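Below: one structure, written as structure tokens.
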Amino acid sequence: MAVRQKAVATLPTLMRALRKESPSIPQRLPSLRRGFSLYDQVNLIDNIPDDQLRFQGYTDSGFTVNGVEYEGSLLCVGNLMLSWSPRKMSDITIDSLSIFQAVRPIPEILIVGTGRYIQPIDPEIRKFIRSTGMKLEAIDSRNASSTYNILNEEGRIVAAALLPYGVDS
């Protein structure tokens with residue numbers, strides 16, 4: 001009992017001493033984002049294979065892919081990239097997307113970057129894309145290139161048909 005009473009009696013003195021002392025080395029708390037984020041666990045930024053396409057930026061007239069600036073529209077399938085002829089939404093036709101009749105393996109989704117604003121896709125084009133076995137998503141080009149990066153980094157077979165961000169009709 002005497003030991004317990006002595007310990008209880010010294011506890012307030014110990015607490016005061018600990019409050020007065022500051023640690024000699026500042027301790028940083030671990031980032032909760034770092035510990036619990038799926039983003040960090042999947043590691044989408046580092047260790048990307050050299051042959052993997054990665055959109056790094058965009059301008060009104062083109063895109064930056066793997067550190068190289070490209071002007072105009074781009075068509076990407078997996079890790080292959082081609083210059084693409086359409087310059088505005090009305091130029092996107094079944095003929096301009098006909099490459100998807102021959103591409104194997106068939107991408108699971110085609111992401112169409114419609115320029116600065118989301119624009120509707122012609123129903124005939126939607127029907128054509130569905131006939132190839134792909135799904136179709138039409139979003140603005142900034143988000144389309146970002147979505148392409150994420151799906152491609154996950155190892156999914158994905159395609160993108162991107163108009164430059166400056167296109168608004």
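The values are calculated or read from the model by the stated rules, or taken from the named source; none is laboratory data. This is a predicted model, so every value here is computed, not measured. Neighbour counts are summed over all protein chains in view; Cβ atoms, including those assigned to glycine, are modelled from backbone coordinates with ideal geometry. Note: areas computed on protein heavy atoms with side chains; ligands, DNA, RNA excluded. Shrake-Rupley method; radii C 1.70, N 1.55, O 1.52, S 1.80 Å.
Here are a few things to note about the model shown:
- Residues that are open to solvent by less than 30 Å² (accessible area, probe 1.4 Å) and touching an Asp or Glu at 6+ places or on another chain (Cβ under 9 Å) within the range 73-88 comprise just one, SER73.
- Condition check for ALA159: in contact with a Leu (Cβ under 7 Å, 6 or more places away or on another chain), of a type outside the set (Phe, Trp, Tyr), in a helix (DSSP H, G or I) and within 24 Å of THR64 (Cα to Cα): no
- Residue check for ARG130: farther than 20 Å from GLU69 by Cβ and assigned to a loop (DSSP other than H, G, I, E, B): no
- Looking across the range 112-143 at every residue that is in contact (Cβ under 8 Å) with a residue 12 or more places away in the chain and more than 24 Å from the chain's Cα centre (by Cα), the one that is surrounded by the fewest Cβ atoms within 10 Å (Cβ to Cβ) is identified as GLU124.
- Only residues that are over 16 Å from ASP140 (Cβ atoms) and surrounded by 17 or more Cβ atoms within 10 Å (Cβ to Cβ) were counted across the range 89-101, and they come to 2.
- The sole residue among TYR148, TYR70 that is of a type in the set (Phe, Trp, Tyr), closer than 19 Å to THR59 by Cα, open to solvent by less than 20 Å² (accessible area, probe 1.4 Å) and under 21 Å from the mean Cα position of the chain (by Cα) is TYR148.
- Some residue of the range 40-51 being closer than 27 Å to ILE125 by Cα and either among the hydrophobic types (A, V, I, L, M, F, W, C) or modelled with pLDDT under 90 (or both): no
- Filter pass, ASP60 being surrounded by fewer than 13 Cβ atoms within 10 Å (Cβ to Cβ) and either more than 21 Å from GLU124 (Cα to Cα) or hydroxyl-bearing (Ser, Thr, Tyr) (or both): yes
- Any hit, the range 102-111, residues being touching a Lys or Arg at 6+ places or on another chain (Cβ under 7 Å), of a type in the set (A, V, I, L, M, F, W, C) and open to solvent by 20 Å² or more (accessible area, probe 1.4 Å): yes
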